[in-house]
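Read-outs: derived from the displayed coordinates by stated rules, not from any lab. As the structure is a computational prediction, the values presented were derived from the model and not from experiment. Cβ sites come from the backbone with ideal geometry, for glycine too, and all protein chains shown count toward neighbours.
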Amino acid sequence: MQKLSEIAIGKEYIIQEIMDTELAQKLLEMGCTPGEKIVVERKAPFNDPIAIIVSGFMLSIRQDDAKQIIVKEAIS
């Protein structure tokens, strides 16, 4: 398992856990829940923020928040 902040662009991952409860609530409202598939679409310079695709829409997440999201690579 890895942190969202560390994963490669274009690969599909599954959200395992959101370690910060306040962040988890915010992300829950946007469709980012454990078990949901996620793809890193692009990263800004210095990797902050990163753009992800989740639940069919693009979302930008700050690097500090991405460090709180644990993911595992999806098996095709």
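How many nm separate the modelled label positions at Arg42 and Lys26, each set 7 Å beyond the Cα in the direction of the Cβ?
Result for the modelled spin labels: 2.2 nm.
Among Ile52, Pro34, Gly10, whose Cα sits farthest toward the positive end of the charge dipole of the chain (+1 at Cβ of Lys/Arg, -1 at Cβ of Asp/Glu, about the Cα centre)?
Working it through, the farthest residue towards the positive pole turns out to be Gly10.
Quick one: which residues, 5+ away or cross-chain, put their amide H under 5 Å from the amide H of Gln16? H built at 1.01 Å from N.
So Gln16 has HN proximity to Gly35, Ile70, Val71, Lys72.
Report the rotationally averaged projected area of the stretch 2-73 based on its alpha-carbon convex hull, in square nanometres.
Working: hull surface 15.6 nm².
Over all viewing directions, the stretch 2-73 projects a mean Cα-hull area of 3.9 nm².
Please turn the phi angles of the stretch 44-58 into ³J(HN,Hα) values with the Karplus equation 6.51 cos²θ - 1.76 cosθ + 1.60 (θ = phi - 60°), one per residue in order, whole Hz, x for glycine and proline.
Once θ is set to phi - 60°, the couplings for the stretch 44-58 become 6, x, 6, 6, 9, x, 10, 9, 10, 10, 8, 6, x, 9, 8 Hz.
Taking θ = phi - 60°, what integer Hz values does the Karplus form 6.51 cos²θ - 1.76 cosθ + 1.60 yield along the stretch 32-40, in sequence order, with x for Gly and Pro?
So the J values, rounded to whole Hz, are 8, 10, x, x, 7, 6, 9, 10, 7.
List, in order, the whole-Hz ³J(HN,Hα) value for each residue of the stretch 3-16 obtained from phi through the Karplus relation with A = 6.51, B = -1.76, C = 1.60 and θ = phi - 60°; use x for Gly and Pro.
3J(HN,Hα) across the stretch 3-16, in whole Hz: 8, 4, 5, 9, 8, 7, 5, x, 8, 9, 10, 10, 5, 9.
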